[in-house]
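Below is one structure; the comments refer to it alone.
The values are calculated or read from the model by the stated rules, or taken from the named source; none is laboratory data. Owing to the predicted nature of the structure, the values given are computational and were not obtained by experimental measurement. Quick reminder, even Gly has a Cβ in these numbers, built from the backbone with ideal geometry, and neighbours come from all protein chains shown. Ligands, DNA and RNA are stripped out before the accessible areas are found, and what is left, the full protein with its side chains, is counted by its heavy atoms. Shrake-Rupley method; radii C 1.70, N 1.55, O 1.52, S 1.80 Å.
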Amino acid sequence: MSIEKRRAVWTHVAAAVLLASPAAHAATPRAITLAEALAMAQKSDVGIVHADGGARNARAAVRSSWGAFLPNLNVSASTTRQLNNTGRTTVQNGQVVILPTEPWSTNLGASASLTIFDGGSRFFNMGQAKANRTSAEVDAAAARWQSALGTKQAFYNVLAAHETQLAAAAQLDQAKQQRVDAVARTRSKAATRSDSLRAEISVRNAELAVTQAAVDLGSANAALSRAVGSLEPVTLGDSLPLTTIALDDSTLARLVEDAPAVQAARAVRDAAREARKSAWSTYLPSVVASWSRNGSGIGSSPATDPSTLTYTGQLRFGLTFPIFDQFGREQQLTQTAVALENAEADLRDSRLAARQSLTDGLGSFREASERVATQSATVEAAGEDLRVQRERYALGGSTLLDVLTSQAALDQARRDLIRARYDQRVAKAQLEALIGRDL
């Protein structure tokens, strides 16, 4: 048996062993559509979970600011039994204490307090809480769009891997056909042995491309499974239509002024304004009213009837007017003024950054669209050139090197087309995440 035949036998044996192994029977990825992937990601994305938690905290802060206008209410009740009261007196901590004849004492109490005036601080705090709530809700919406962007990129990676796999399979089929033609011409003495060797190398390279495409597809499927939060492997389940943008540039320019990043910066600016107003309120007096009523009684047993207790009560009004607090208020004013200036600068920069991102995104989308059109024509031309070169090679009008050069050009054109389609889809997804709506 020749060395080549032995190598072929061992290759088939190794393939049979690999197919029989448990790894070869791994779970087949479940096919999902892009809409399903986005819905799954919305439920499991870590960024969305954190942003939703921040929004809930902000809404709770608004409720708390409303509660500042309501009175504080407290109710208390207690009963105490004095031990070792057989005598009239006892010594506690070196002092003589007269013990009551009745061992049980009962106390009931209720109190309320209400801030009548605090310089408007509660109103400003409420405005700040509402602005923070708006900012948190915008952050939650932005987190959903960022999650959608990441999911779409993962989905488009799987789509590109599928397209690359198809291109590699086509490359392998063409290489095998070229090997058949080269071997036939070599046997007929119409070509040299180098043609068959080059054809064999072309087949090996095509097989390597198929293997690499399978590896890339597995990696892309794993990344998609993570993006959608699925413990079960998932993969591409539908084909995508032609990527276009339905809105014109002027409409997009208006939409970008209310982009999620701009809305969040505007809410932070509004919160800083309210904090600035609240700092000024510390120069005004505050008025607080309080009320309390307490009942007490002693006896041989705990009191069960509140009417048997002795009650006292009071109503109190207090006014506090800070005169000097060691420049604490001045420091607070300075800090809030700086925070407001920073927030206004951040808002201005957010608007400019959104406009820049829109310009860059539209440019990337249009450039990728032009590359898609160009590479589609290039693939068609390269395929026709390869067909002509193969026919000429069969007739002896060209060399195998000419055929392989045409094949390499076609393979590169296919890869460039796949990359252009991917860039076009991602550019559109980035624009959608920027303005916070589907295009």
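With the condition kept exactly as written, say whether any residue in region 334-356 is more than 27 Å from the chain's Cα centre (by Cα), under 22 Å from Leu172 (Cβ atoms) and buried (at least 17 other Cβ atoms within 10 Å of the Cβ).
No - not one qualifying residue is present in region 334-356.
Starting from region 208-220, take each residue that is under 20 Å from Thr151 (Cα atoms) and list its partners that are modelled with pLDDT of 90 or more and of a type in the set (A, V, I, L, M, F, W, C), counting only C-beta distances under 6 angstrom and pairs at least six apart or across chains.
What qualifies is Asp216/Ala161; Leu217/Ala161; Ala220/Val158; Ala220/Ala161.
Taking region 25-54, which residues are within 16 Å of Thr151 (Cα to Cα), assigned to a helix (DSSP H, G or I) and in contact (Cβ under 8 Å) with a residue 40 or more places away in the chain?
Listed by number, the residues that qualify are Leu34, Glu36, Ala37, Leu38, Met40, Ala41, Gln42, Lys43, Ser44, Gly47, Ile48.
Those residues that are among the charged types (D, E, K, R) and either open to solvent by 50 Å² or more (accessible area, probe 1.4 Å) or on the phi > 0 side of the Ramachandran plot (or both), I need them from region 406-439; list them, please.
Answer for region 406-439, where residues must be among the charged types (D, E, K, R) and either open to solvent by 50 Å² or more (accessible area, probe 1.4 Å) or on the phi > 0 side of the Ramachandran plot (or both): Arg415, Asp416, Arg419, Arg421, Arg437, Asp438.
Condition (residue is hydrophobic (A, V, I, L, M, F, W, C), at pLDDT 85 or above, open to solvent by 70 Å² or more (accessible area, probe 1.4 Å) and not in a strand (DSSP E or B)) applied to region 312-320: is it met by at least one residue?
Step one: filter region 312-320 for residues hydrophobic (A, V, I, L, M, F, W, C), giving 315, 317, 319.
Those still in the list that are at pLDDT 85 or above too: 315, 317, 319.
Subsequent filtering for residues that are open to solvent by 70 Å² or more (accessible area, probe 1.4 Å) retains 315, 317, 319.
Next, only the ones that are not in a strand (DSSP E or B) stay: none.
Taking every residue of region 312-320 in turn, none turns out to be hydrophobic (A, V, I, L, M, F, W, C), at pLDDT 85 or above, open to solvent by 70 Å² or more (accessible area, probe 1.4 Å) and not in a strand (DSSP E or B).
Looking at Val403, Val379, Val372, can you tell me which residue is modelled with pLDDT under 90, surrounded by 15 or more Cβ atoms within 10 Å (Cβ to Cβ), among the β-branched types (Val, Ile, Thr) and part of a helix (DSSP H, G or I)?
Among Val403, Val379, Val372, only Val403 is modelled with pLDDT under 90, surrounded by 15 or more Cβ atoms within 10 Å (Cβ to Cβ), among the β-branched types (Val, Ile, Thr) and part of a helix (DSSP H, G or I).
How many residues are in a loop (DSSP other than H, G, I, E, B) and among the hydroxyl-bearing types (Ser, Thr, Tyr) if we restrict to region 213-234?
Taking region 213-234 and keeping what is in a loop (DSSP other than H, G, I, E, B), we get 229-233.
Subsequent filtering for residues that are among the hydroxyl-bearing types (Ser, Thr, Tyr) retains 230.
Qualifying residue count for the region: 1.
Looking only at region 39-59, filter to residues that are among the hydrophobic types (A, V, I, L, M, F, W, C) and open to solvent by less than 40 Å² (accessible area, probe 1.4 Å); which one of those is nearest to the chain's Cα centre (by Cα)?
Looking at the filtered set, the residue picked out is Ile48.
Restricting to region 388-400, what's the tally of residues that are of a type in the set (S, T, N, Q) and in a helix (DSSP H, G or I)?
1
Go through region 290-307 and give me each residue that's open to solvent by less than 40 Å² (accessible area, probe 1.4 Å) and touching a Ser or Thr at 6+ places or on another chain (Cβ under 7 Å).
Listed by number, the residues that qualify are Ser290, Ser292, Gly295, Gly297.
Does any residue in region 360-375 that is in contact (Cβ under 8 Å) with a residue 40 or more places away in the chain come within less than 9 Å, Cβ to Cβ, of a residue that is part of a helix (DSSP H, G or I) and exposed (fewer than 14 other Cβ atoms within 10 Å of the Cβ) six or more places away or on a different chain, and which pairs are these?
Leu362/Asp249
The rows are residues; the columns are (1) in contact with a Phe, Trp or Tyr (Cβ under 9 Å, 6 or more places away or on another chain); (2) without any contact (Cβ under 8 Å) to a residue 12 or more places away in the chain; (3) surrounded by 17 or more Cβ atoms within 10 Å (Cβ to Cβ).
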{"position": "Gly229", "(1), (2), (3)": "no, no, no"}
{"position": "Ala259", "(1), (2), (3)": "no, no, yes"}
{"position": "Val268", "(1), (2), (3)": "no, no, yes"}
{"position": "Ser278", "(1), (2), (3)": "yes, no, yes"}
